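Visitor: I am attaching a structure below and will ask some questions about it afterwards.
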Amino acid sequence: MFLLSIQHLTLPIEDPILKFLLELIIILGAPLLLNKIKVPHLLGLIIAGAIVGPNGYNLLSRDSSVVVTGTTGLLYIMFLAGLEIDMGDFKKNKWKSLGFSAYTFAMPFILGLLAGLYILKFNLLTSVLFASLFSSHTLIAYPLVSKLGIAKNLAVNVTVGGTMVTDVLSLLVLAVVVGMTQGTVDTSFWVQLSVSMLVFSVLVLVLFPIMARWFFKNVEDKISQYIFVLVVIYLAALAAELAGVEAIIGAFFAGLALNRLIPHSSSLMNRIEFVGNAIFIPFFLISVGMLIDFKVFFIGWETISVAVVMLICSIGGKYLAAIATQKTFRFTDDEGRLIFGMSAASAAATLASVMVGYNIIISETTTGEPVRLLNEHVLNGSILLILVSCTISSFVSMSSAQRIAQAENEQTVSDNNPDDENILLALNHEETVESMINLSLLMKSESNKAGLFALNVINENKNESSVKNADKILSKAVNTGAAADTKVMPLIRYDNDVIAGITNVLKEQKITDMVIGLQDEKGFSSSFIDNLYNGYLTNVHVNALVYHAAQPIATVKKYLVLIPANADQEPGFFYALLRIWNIAKRSGASMEFRTTEHIITILKRIRKKANIEATFTPIDNWNDISDMAAELGSDNGFIALMAKRGMVSYNHQMSRLPYLLNRKLRDHNYLLIYPFSELSAEKTERRSISNHDDFAEIGQIIGKLFR
């Protein structure tokens, strides 16, 4: 039967099983083969698409199935770019993004306009549209850069932000040129375009986050959450098309809308990246390759000459723009090359503009042949531009990104070794497991993949059901961590004294941070408070964190952070502050710090080195703590830096705080952090940090820790 099917096989392949199998073999084989010879697998997928596509051996047709999955892959790239961008750094460096977008739009545009008018002898409208082809670019190398772990690098941040602006400008040029050829560019055209863009922006950037926050708070099913993300991507893409711009702009805006709701370390982000990088993005690259037709370059010299002009305008213009950006904003040589590599690729917006221009017929010749706004030579030249620009983009991005990643990794290893960080989750209730894991994923070092421990202490006199319950709790912890690509080590301890059991594990595993979860409905009980002060807090070398989760941590928009006077004099101050900073950095939530003027000065110095969204309000004491708690609105959280009795930063309000939280913040997330009170042997060498008077140097040290 199989042999009979082979004998009757026709090209292109129509059998869906064989067709999909061939595509999967390409996706599997290209990275494995090309990584051996140091060739970016992105380029391999494009070349493979050209070989098996309709212009190659015609094994596969570029039918609707390829177009749909390829379109999803393109939207995915833009969505991930918006999702992974550091919003705090983006706002801080918005002028750099705008500066880059001005360079990367104007320089290729000017070269293209001059080439169109004086070399190719196009008319003005055709030359303007021709020039706009080179201003836009596609972040085809972004998955490669993200995989190397430098998605939050400033050069990447600036390039991604500038991409949004320059692609919008290029597509607006397309809309205006098309309107002028049809004679519809008047006041109503500009009013309609402005209103539609405003409505689109409000819909995606204001209403979508509200809708998504409600969904993530009320729907816990992981599959439903992922499908919801896909729906948001396509809804935003459709809204963009209705507004008169390309769907890729909508996908990027969708990423911005969900940026603060999907932490980079979460299991949902892991699923999004996995499916995109495994299926959708490779299909997009294959579909791009299917557009390439090498035969058109042997038809005549005119196509080749037009293609050469297009390559010089596009690649040359992007290179000049990258150099100008590097010199203006003082990027390193590797960062300058990375900016060039990421912005060099022309694919999505370029192809869209070419196809629109090619399909517009402005007149006819005397023989009845159509005169198109962009002729077939430009259409064929754009195919070569896509191939060459994607090749250059892949090689340059990979080499420069690898050097930047290596430099950052060396810096991180020397400044904040994850081997020194071990976090223990003291688990006793199944309903608190996921929230405690998610908190730990946010506050841990990003490179710490195996420093999480989940502990359940069983009374030696308990029956078999206690063992089964412990296995169930720890299995959930392990699976939740694995979903976020983080190993959680399960530990079962048999001990008649729970506190003693936990204390022994703290010593055995060299734990640096202990997380204790409160049940949502119970909060602080009298027995727990007694165990806290007379048990957990007696471990003087460990940060103790008490966490209450009323909603998913990713849906919290803002935290009120209280820091007592003299907290900076405590040995564990900066280590506890690191946890707060990581939560802010990775969740995207803003922080409102309320503390003394002296500590605010330190915090501002730190923020210059490790930027987060934060405001600062000076207070002298915690006497109004009840009123502060009452200020918390919906989707707001509370964090307090505490102190053990006898420590220099302790105040009597701290003993009242647990009871206050029970009464007023039962429906909010809150976190109490008790910094360690004595330096362990491993931390003794950093003792000088806590007593240092040079705030600038403290900012540099802590900035490195948070990197």
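The values are calculated or read from the model by the stated rules, or taken from the named source; none is laboratory data. Remember, it's a predicted structure, so these values are computed and weren't measured experimentally. In this analysis, Cβ positions are derived from the backbone assuming ideal geometry, glycine residues included, and neighbour counts consider all displayed protein chains. Ligands, DNA and RNA are excluded from the accessible area calculation, which covers all protein heavy atoms including side chains. Shrake-Rupley method; radii C 1.70, N 1.55, O 1.52, S 1.80 Å.
Visitor: What FRET efficiency do you get for residue 192 and residue 98 if R0 is 25 Å and r is their Cβ-Cβ distance, rounded to the nearest 0.05?
Guide: 0.45
Visitor: Considering only the other residues whose Cβ falls under 11 Å of the Cβ of residue 533, what net charge follows from Lys and Arg at +1 and Asp and Glu at -1?
Guide: Neighbour charge sum, excluding residue 533 itself: +1.
Visitor: How about residue 121: which lysines have a C-alpha closer than 24 Å to its C-alpha, ignoring those fewer than 8 places off in the same chain?
Guide: 318
Visitor: Tell me, what is the percent relative contact order of the chain, built from C-alpha pairs under 8 Å that lie six or more residues apart?
Guide: Computed value for the chain: 14 percent relative contact order.
Visitor: Students often get this wrong, so check it: of 36/609; 92/444; 36/92; 557/609, which have C-alpha atoms separated by over 29 Å?
Guide: Going by Cα-Cα distance, 36/609; 36/92 fall outside the 29 Å limit.
Visitor: Among the listed pairs 91/604; 327/585; 472/644; 468/510, which have their C-alpha atoms separated by more than 24 angstrom in this model?
Guide: 327/585; 472/644; 468/510
Visitor: Further question on the same structure: Give 96/152; 147/295; 507/608 a once-over and call out the pairs whose C-alpha atoms are over 26 Å from each other.
Guide: With Cα atoms farther than 26 Å apart: 147/295; 507/608.
Visitor: Sticking with this structure for a sec: May I ask you to rank 596, 615 by accessible area, largest first, using a 1.4 Å probe over the protein chains only?
Guide: 615, 596
Visitor: Using the membrane-span-like helix rule (whole DSSP H runs, Cα extent along the own axis of at least 20 Å, mean Kyte-Doolittle hydropathy at least -1.0), which helices of the chain qualify?
Guide: 16-34, 64-84, 94-114, 154-181, 187-202, 222-243, 301-329, 376-415, 464-483, 573-587
Visitor: Now, a different point. Would you mind working out the accessible area per residue for the chain, using a 1.4 Å probe, and quoting it in Å²?
Guide: So the chain comes to 43 Å² accessible per residue, rounded to a whole number.
Visitor: Sticking with this one: Quick check: at a probe of 1.4 Å, how many percent of the accessible area of the chain sits on carbon and sulfur atoms?
Guide: Here it works out to 59 percent.
Visitor: Can you compute the helix-only [θ] at 222 nm over the chain? Use -39500 (n - 2.57) per DSSP H run of at least 4 residues, normalise by all residues, nearest 500 deg cm²/dmol.
Guide: Mean residue ellipticity at 222 nm (helix-derived): -19000 deg cm²/dmol.
Visitor: Could you name the aspartates and glutamates in cross-link range of residue 449, using Cα to Cα under 18 Å and dropping any fewer than eight places away on the same chain?
Guide: 273, 408, 410, 415, 419, 420, 421, 434, 485, 513
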